[in-house]
Amino acid sequence: MTRSGQEYLEGLRDGREVWLDGERVKDVTTHPAFRATAASFARLFDLAHDSPHAPALVQGGVHRAYAVPRAYEDLVARRGAYKVWAEASYGFLGRTPDYMASGAAGFAAVPEVFDTECFGGAENALAYHQRLAEGGLHCAFTLTNPAGESVRVVEDRADGIVVRGAKTIGTGAVFADEILVGTIEPLAAGDFDRALTFSLRVDTPGLKLISRVSYEGKSRSVFDQPLSSRYDENDALLVCDDVFVPWERVLTYRDPAATSAIWWDTPAYLNLVHQSATRFWTKLEFLTGLAVLIARSNGTDTLPAVTQAIGRLLGMVAQAKAFVLAAEASWEPVDGGRGGVRPGRDISFAQRIMAGELYPRAVQDIKLLAGGALVQTPASGRDLLHPELGGLVQQYFRTPGHPAEDRIKLLKLVWDALGSEFAGRHEQYERFYHGAPHVYLTMQTWAGAADHCEGLAQACLDGYDLGTVR
Ligand SMILES: Cc1cc2nc3c(=O)[nH]c(=O)nc-3n(C[C@H](O)[C@H](O)[C@H](O)COP(=O)(O)OP(=O)(O)OC[C@H]3O[C@@H](n4cnc5c(N)ncnc54)[C@H](O)[C@@H]3O)c2cc1C
């Protein structure tokens with residue numbers, strides 16, 4: 001049996017140090033800038049704890065994302081679990097607990113990568129995975145160095161290390177039980193002080209989270225901002241103000257090569273992509289559904305050009321789906337002698353290219369279909385409810401077959417998904433959450449079949465010479 005939503009929420013009431021807009025937030029489960037999103041995360045736990053979806057989500061008492069996949073069928077079953085949680089937020093909660101759970105399962109598949117001349121981290125990596133799995137813990141991660149001072153070791157002690165500095169964009173960190181702090185991009189060979197990976201409880205003394213503006217806090221109601229009022233997963237700067245990390249929580253230590261290798265030489269990164277590719281597919285399904293509804297509401301759905309635009313969006317959905325299924329079908333054995341499998345590398349990496357480019361295009365296409373009506377909605381649902389104004393709003397916002405309340409409700413949902421500040425953050429998220437384009441395009445050259453492609457072109461060149469000239 002996994003944790004209930006209520007048990008998860010109780011775990012967040014731990015005195016963690018979260019800052020928002022000059023205020024120290026006492027309790028993210030009750031604060032108006034966080035509480036509805038905390039409840040959305042809690043609902044995920046309830047789905048796994050006790051709901052008709054539980055068998056798809058849980059096996060052997062733990063969420064399927066924590067299990068190390070041993071066969072193609074395990075990858076398919078994991079995807080089924082990812083899909084249930086992705087649909088619960090229509091793809092707008094990116095960092096659900098299954099995200100880092102799948103990364104930890106990747107670590108556990110090849111723990112020997114953590115044992116190096118610098119530090120023996122394999123046992124700690126396995127313990128990390130076990131702790132998350134058994135506790136059903138929600139772990140966020142911060143792997144990106146800010147332009148300023150990033151996290152580094154400032155003191156070695158017999159029982160652990162003291163770290164100081166910052167990491168940027170901890171998505172979901174304020175809603176997590178733990179945070180994994182590391183670096184995914186290659187570090188310079190001599191950059192020992194920053195070459196670390198460790199995991200902390202969010203209430204660890206000295207750990208501070210500085211939140212960006214809260215879209216949930218700015219929202220007026222679910223009717224007015226249906227997504228940002230409930231699925232604002234937050235992004236926070238993580239500051240370690242001389243934080244003590246006991247050795248058992250350290251996974252890599254003063255080891256630039258291992259700090260990056262734990263992501264690439266284990267299936268961790270590929271498992272993360274498998275989860276996020278499933279979520280991306282779900283999000284495109286949802287956005288395409290909005291496009292269908294808005295075309296119908298605008299009365300343009302039978303125009304050939306609009307039908308074709310919907311067809312293009314449905315093609316994008318099929319592409320997003322195809323990347324998930326193809327990554328599973330092209331599974332590869334994990335090199336560690338334990339019989340694990342991972343999603344195919346070249347297709348997983350290519351998913352990042354596809355998704356980063358497709359998402360802005362889908363958003364633009366749907367905005368084009370929607371037209372100016374997206375902007376011209378009443379400031380809030382209160383206008384509809386107003387005794388004097390309500391009648392006018394009912395009269396002038398309706399379209400044939402679509403009462404004003406339904407139309408305004410739809411337009412506000414579409415704007416929240418595609419045009420709001422929350423929507424702008426999502427566009428940036430889909431482009432950058434796994435690294436900038438120059439990073440994943442370079443990764444593709446490692447994993448893509450460049451030799452095969454080159455060989456094919458060369459075979460053509462080798463098939464003729466000047467002797468063919470007439
Ligand atoms: C909404 C959102 C949520 C995120 N959540 C998380 C999270 O939870 N955890 C986490 O660890 N990270 C997270 N990230 C951070 C993400 O991993 C980083 O944004 C990403 O790695 C890019 O790093 P950067 O922002 O420093 O951009 P940079 O690396 O500075 O790149 C920005 C741009 O600069 C140019 N550029 C920079 N260097 C080069 C180069 N060498 N060659 C060519 N062009 C270059 C490119 O135009 C590039 O697009 C999130 C990001 C976003 C936007």
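The values are calculated or read from the model by the stated rules, or taken from the named source; none is laboratory data. Computed from a predicted structure; not experimentally measured. Here Cβ is always computed from backbone atoms with ideal geometry, including for glycine, and neighbour counts include all displayed protein chains. When the accessible area is computed, the model is the full protein with side chains, heavy atoms only, and any ligands, DNA or RNA have been set aside. Shrake-Rupley method; radii C 1.70, N 1.55, O 1.52, S 1.80 Å.
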For the chain, what is the number of Lys pairs with C-alpha distance below 17 angstrom, counting only pairs 8 or more positions apart or on separate chains? 9
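Once you have the Cα-Cα distance between GLN364 and ARG43, take 0.36 nm times their residue separation minus that, and quote the gain in nm to one decimal.
Gain in length upon complete extension: 112.4 nm.
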Contour minus Cα-Cα distance for VAL213 and GLU149 (0.36 nm per residue): 20.8 nm
Using the Cα centre of the range 268-455 as origin and beta-carbon charges of +1 (Lys, Arg) and -1 (Asp, Glu), tell me which of PRO403, GLY315, PHE422 is placed farthest towards the positive end of the dipole. PRO403
For ALA457 and GLN394, what is the calculated FRET efficiency with R₀ set at 56 Å and r taken between the beta-carbons, to the nearest 0.05? 0.30
Dipole check, the chain, charges on Cβ (K,R +1; D,E -1), about Cα centroid: among VAL25, ALA379, LEU200 the Cα furthest to the positive pole belongs to ALA379
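Any idea what the dipole of the range 5-263 comes to, in debye rounded to 20, about its Cα centre with Lys/Arg Cβ at +1 and Asp/Glu Cβ at -1?
Value, rounded to 20: 640 debye.
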Mind checking the full-extension length gain between THR30 and TRP446? Use 0.36 nm per residue of separation minus the Cα-Cα distance, one decimal, nm. 145.1 nm
Net dipole in debye of the chain [+1 Lys, Arg Cβ; -1 Asp, Glu Cβ; about Cα centre; nearest 20]: 1420
May I ask you to list the residues of the range 328-371 whose amide nitrogen lies under 18 Å from a point 7 Å from Cα along the Cα→beta-carbon direction of ARG70? 332-343
Simple SL model, points at 7 angstrom along Cα→Cβ for THR168 and GLU332; separation in nm is 3.1
Mind checking the per residue accessible area of the range 5-263 for me, 1.4 Å probe, whole number of Å²? 37
Electrostatic dipole magnitude of the range 230-381 [Cβ: Lys, Arg +1; Asp, Glu -1; Cα centre; debye, to 20]: 540
Measure of size requested: the Rg and Dmax of the chain, with Cα atoms as the atom set and Å as the unit; please supply both. 24.1, 89
Regarding the range 5-263, what whole-number volume in Å³ per residue does the convex hull of its Cα atoms give? 125
How many percent of the accessible area of the chain is carbon or sulfur, using a 1.4 Å probe? 56
